[in-house]
Every structure is written in C-alpha cells, then in structure tokens.
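Enquirer: Below you will find the structure I want to go over with you.
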Amino acid sequence: MLFGRRNLCLIEVERESMRVAGRFNAQVMDHLRQFIQPGITTGEIDQLVLEYTRDHGHTPACLGYQGFPKSCCTSINEVICHGIPGNAVLEDGDIVNLDVTTVVDGWLGDQSETFLIGNVSEQARRLVQCAFDSLYLAIDAIGPGDPIVNIGRAISRKAHVLGYEVVREYVGHGIGKRFHQEPSIPHFPNQQSRFQKIDPGVCFTIEPMINEGVRDTVLDRDDGWTVRTRDGKLSAQFEHTILMTDEGPEILTLTETGPQCGHQF
Ligand code: MF3
Ligand code: CO
Ligand code: CO
C-alpha cells in the first residue's frame with residue numbers, strides 16, 4: 001500500500017446501474033450523429049443534447065458543473081477540450097469533438113467522439129484516426145489488477161510513432177456517482193500510474209487528447225473553460241467509460257451507429 005488510496009470498487013447492482021447510465025449516454029451520441037453536419041451551430045447541438053436527455057427523464061452532467069454553462073462540450077479544431085457550445089458554425093473541413101455526460105438515476109456515463117465535418121484534410125483525418133486507435137489500444141492494454149501505466153504507455157507509443165504529442169494537463173478519471181473521482185488516468189506514463197492498479201469493480205474513463213504539434217495547452221482567460229493547443233495546431237480526442245471486470249475491461253458507452261473498434265476514418 002505504498003500509494004495508499006484504494007479506488008472505489010462497485011458491487012454488482014452498482015455495476016448494473018453504471019451499465020444503464022453508459023448505455024443511455026451512448027444513445028444520446030447516436031441520436032446526435034445525424035445532425036452533425038456543416039451549417040449546424042454548436043449551440044444547436046447543445047440544445048439537442050439537453051432536449052433528448054430531459055425527454056428521457058435524465059440530466060446532463062455538464063450543465064452547471066463547476067459553473068459550466070451548457071449541457072455538453074464542443075471542441076473544434078485547435079480546441080483540445082471543454083469548448084462551450086455557442087454561435088460557432090461547423091464548417092466543411094472542421095474536426096469537432098462532442099463530449100457528452102449524463103446522469104441516470106444518480107450514476108454517470110461519459111464519452112466523446114471526434115467528428116469529421118464534410119471533407120477534411122488528410123492531415124486531420126490521420127490525427128483523428130490516431131486518437132481513436134490509441135483509445136482502443138489502451139483498452140486492450142489493461143486487465144484486472146494491471147497498473148494504470150499500461151494505458152499511458154499504449155497511448156503514448158501510438159502517438160509518438162506517428163509524430164504526435166499527448167496532452168498531460170487533462171486526464172481520464174474514475175467515475176460513478178461523481179463526475180471526477182479517483183483514480184486519475186493519465187494518457188502518458190508517470191510515477192503514480194506505475195504503482196496504482198485497476199481492480200475489478202472500478203469504473204473509469206480513458207480519453208486521450210492527441211495533438212498534431214506541441215502538447216502544451218492554453219486555457220482561455222475570458223471564458224475560463226476552453227482549452228486550446230499552444231501552437232494553434234489540431235487536437236483530437238475520443239472517450240469511453242469503462243468498467244473493469246474479472247474478465248477484463250467492459251466498455252459501457254459503446255454506440256450502435258458510431259465507429260466501432262478498428263474503424264477507418
Ligand atoms: N466530459 C469531460 C470529461 O471527460 C468533462 C467536462 S466538464 C465540463 O471529463 F464542465 F466542462 F462540462
Ligand atoms: Co467527457
Ligand atoms: Co471524462
């Protein structure tokens with residue numbers, strides 16, 4: 001117990017609640033998919049998230065979270081994460097990450113996808129592919145009782161081979177009845193993750209943010225949320241909520257109509 005803290009292990013009924021929350025969250029993403037096209041504004045996407053979630057009797061976790069003003073995050077091109085939906089119009093050639101988190105009977109599901117809008121450059125497509133592949137490589141690299149560092153190693157290896165960088169300031173996280181809890185899931189190897197293990201019953205996210213250029217981030221001082229790449233180059237991200245079981249990782253936020261493992265963008 002060198003690094004003392006134990007992660008929250010869920011019992012079976014709680015695991016089932018997380019499965020239900022993850023499944024609904026994925027359903028929101030599947031609902032949005034048809035609308036993500038050139039011409040829609042990020043504010044309109046946010047409205048769709050809010051309406052669909054409420055119509056099903058649930059709550060968007062982002063709305064009001066630490067003062068966040070909207071129901072999801074929309075991060076376009078050089079925005080790494082936490083973009084606030086508003087008047088921005090999606091344009092041909094953009095890449096946009098939609099990050100959706102919902103509360104279902106007190107339990108949370110959290111996932112994100114990067115969408116290609118119309119015809120994007122080969123450069124952008126390759127970056128998105130890397131972010132997607134690195135998420136699945138990380139899921140493949142972690143089993144019950146394994147050290148968290150397996151995740152960061154798998155993601156960093158993939159990114160670096162292709163000449164990309166991995167964001168360090170924002171990481172995956174434990175999730176359950178709270179949005180962000182232990183353990184911290186860095187997408188790069190660090191000391192703590194070498195010692196901390198993921199036991200069966202732990203729920204967490206993996207959400208690598210991969211940058212085309214430097215890994216450094218800049219927080220927008222005006223809105224206090226939007227995080228951009230320091231050099232203004234592109235960033236892409238995918239996220240799943242995962243439950244570790246005795247058999248291995250179970251992805252709770254798999255979509256039905258979205259890109260499946262192995263998908264080529
Ligand atoms: N969904 C993000 C995550 O993956 C967190 C967004 S917090 C918000 O952890 F307040 F910006 F919505
Ligand atoms: Co998220
Ligand atoms: Co998350």
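Values in this text are rule-based calculations from the coordinates and carry no lab data. This one's a predicted model, so the numbers in the text were calculated from it and none came from an experiment. Cβ placement follows ideal geometry from the backbone for every residue including glycine, while neighbour counts extend to all protein chains displayed.
Enquirer: Sort the following peptides by mean Cβ neighbour count (other Cβ atoms within 10 Å, averaged over residues), highest first: 103-116, 66-79.
Expert: Output ranking for 103-116, 66-79: 103-116, 66-79.
Enquirer: State the extension gain, in nm to one decimal, for the chain segment bounded by VAL20 and VAL214, taking 0.36 nm per residue of separation less the distance between their alpha-carbons.
Expert: Working: separation 194, 0.36 × 194 = 69.84 nm, distance 3.80 nm.
That pair, VAL20 and VAL214, stretches by 66.0 nm at full extension.
Enquirer: Grab the beta carbon distance between ASP222 and ARG194, set R0 = 41 Å, and tell me the FRET efficiency rounded to 0.05.
Expert: In this case the efficiency is close to 0.60.
Enquirer: For region 142-177 and region 220-252, what is the centre-to-centre distance using only Cα atoms, to the nearest Å?
Expert: 10
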